[in-house]
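Trainee: Quick one: the structure is below, questions incoming.
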Amino acid sequence: MTAAGGPVVHVRRQVRIVNARLVFAMPKGGKERDIPLAPSMAEHLRHYPARPVALPWKDPSGKSVAAPLMFTSREHQAMNRNYINTFLWKPSLKAASIPATRENGYHSLRHYFASALLANGVDIRALAQYLGHPDPGYTLRVYSHLMPDADDRMRRAVDAVMSGSDGPAAALEVVR
């Protein structure tokens with residue numbers, strides 16, 4: 001779980017529903033990936049470690065394989081979208097007095113994650129990799145409306161260069 005530069009999460013599989021049964025399958029886009037793990041999340045995992053869960057690989061009738069999952073049910077089993085929606089997400093929306101509409105669906109957490117990364121300066125190529133998108137252009141089309149205001153970012157960038165805090169040399173390095 002640790003790589004050069006800090007801890008990472010190795011995304012090697014996902015839980016899918018096949019013929020009404022849970023199975024392990026390749027992650028979104030059929031691509032494994034590594035995602036940097038923030039220190040706060042690494043600390044959380046020290047207190048709540050990943051738990052081994054056994055599921056068949058791709059085919060519900062296949063042989064079970066065990067793998068550690070970061071998120072499991074209270075019974076320490078794999079969760080699927082139905083479980084999350086029924087027992088976690090919708091009760092949370094209700095407790096927060098937020099209507100359980102399609103716009104407020106569980107998938108909105110993914111959009112929140114993307115918008116938080118964009119707002120904090122993560123570039124679109126890295127975000128595409130973290131989300132498992134096939135290319136940054138796709139990510140840009142889906143999430144461009146969440147990007148911080150370009151006009152204000154441009155003003156801050158020019159002011160930083162002109163004030164010397166970024167320095168002209170840094171700006172020239174970008175151009176080369």
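The numbers here are math on the coordinates, done by the rules we state, and not lab data. Since this is a predicted model, take the numbers as computed values, not measurements. Reconstructed Cβ throughout: ideal geometry from the backbone, glycine too, with neighbour counts over all protein chains shown.
Trainee: If I take every Cα pair under 8 Å that is 6 or more residues apart in the chain, average their sequence separation and divide by the length, what percent do I get for the relative contact order?
Mentor: Answer for the chain is 14 percent.
Trainee: Find the Rg to Rh ratio for region 61-116, where Rh is the Kirkwood radius over alpha-carbon pairs and Rg uses the same atoms.
Mentor: That ratio is 1.07, to two decimals.
Trainee: Relative contact order (percent) for region 28-107, with alpha-carbon contacts under 8 angstrom and 6 or more residues of separation?
Mentor: 17 percent.
Trainee: Using 7 Å Cα-to-Cβ label points, what is the ALA150/SER97 separation (nm, one decimal)?
Mentor: Going by the 7 Å Cα→Cβ label model, 3.9 nm.
Trainee: What residue among GLY29, GLY62, GLY164 shows peak mean-square fluctuation when the chain is described by a Gaussian network model with Cα springs under 10 Å?
Mentor: Among GLY29, GLY62, GLY164, the largest mean-square fluctuation in the Gaussian network model of the chain belongs to GLY164.
Trainee: Amide H to amide H under 5 Å from VAL18: which residues, 5+ apart in sequence or cross-chain, H placed 1.01 Å off N in plane?
Mentor: Under 5 Å from the amide H of VAL18: VAL23.
Trainee: When all C-alpha to C-alpha distances in the chain are sorted into bins of 10 Å, what percent of pairs does each bin hold, rounded to whole numbers?
Mentor: Going out from 0 Å in 10 Å bins, the chain shows 8, 25, 34, 20, 9, 4, 0 percent.
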